[in-house]
Amino acid sequence: MGTPYVLGGRVKGAGCDCATLLAEYLIEIGAAPREELHVYSHDWFCNTTSERYLLALLRHARQTLQGICIGTPETQPGNLALFRVVGSKRFNHGAIVTQWPMAIHAYGERVQAVNLVTHYLTGQREMALFDPRIWEQV
């Protein structure tokens, strides 16, 4: 919490973005090895037809649900949520669920806790949930 938002950053307290926040979380819980993440721009999702974020996450967590972010009782603490925000056709933002509907995510100036259902960036947006405790390597 409070780590500044820095695109491509991967250091707690110094900087991270929404992708590196999820990557470091997966490493910390033992669900993923440390690997190089490709450098990307703030608008990468506007310039691709591939679900890059979704496909990368599926390597380390099983998708459990997809739908509109309005609430779901089966979501567990530690689940990961991906969203299609700012009119994107691709999943382009991620968060770590703490206690539904609360989650932490990196956006704006820093990593912070938000209510995913009511937050302007995630509420009423398409969401996919993942459980990193159950996964199958492809």
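The values are calculated or read from the model by the stated rules, or taken from the named source; none is laboratory data. The model shown is predicted, which means the values in this text are computed figures rather than measured ones. With ideal geometry, Cβ positions are generated from the backbone for all residues, glycine too; neighbour counts draw on all protein chains shown. Remember, those area values only see protein heavy atoms, side chains included, never the ligands or the DNA or RNA. Shrake-Rupley method; radii C 1.70, N 1.55, O 1.52, S 1.80 Å.
Observations on the model:
- Net charge contributed by nearby residues that have their C-beta within less than 13 Å of THR49 (K/R +1, D/E -1): +2
- In sequence order, calculated HN-Hα J values of the range 117-130 (Karplus, 6.51, -1.76, 1.60; Hz; x Gly/Pro): 6, 9, 5, 4, 7, 10, x, 6, 9, 5, 10, 10, 9, 9
- Solvent accessible area, Å² - LEU57, 1.4 Å probe, full protein context: 10
- Summed residue charge, Cβ within 11 Å of GLN66's Cβ, Lys/Arg positive, Asp/Glu negative: 0
- A helix-only calculation puts the chain at -3500 deg cm²/dmol for mean residue ellipticity at 222 nm, using -39500 (n - 2.57) for each DSSP H run of at least four residues, averaged over all residues.
- The structure-derived value of Kirkwood radius over Cα pairs in Å appears in the list (i) 18.0; (ii) 17.0; (iii) 14.9 under the label (iii).
- Of the residues ARG62, ARG133, the one with the largest accessible area comes first in the ranking ARG133, ARG62, computed with a 1.4 Å probe on protein heavy atoms.
- Within the range 1-63, the GluC sites (Glu not before Pro) that combine a DSSP coil assignment with at most 16 other C-beta atoms in a 10 angstrom radius are GLU35, GLU36.
- For the set LYS89, LYS12, the ranking by accessible area, highest first and with no ligand, DNA or RNA atoms included, is LYS12, LYS89 under a 1.4 Å probe.
- Each Lys or Arg adds one and each Asp or Glu subtracts one; over the other residues with Cβ under 13 Å from the Cβ of ALA14, this totals +1.
- Selected from PRO77, PRO33, PRO101 as most flexible by GNM, with the chain as the system and alpha-carbon contacts under 10 Å: PRO33
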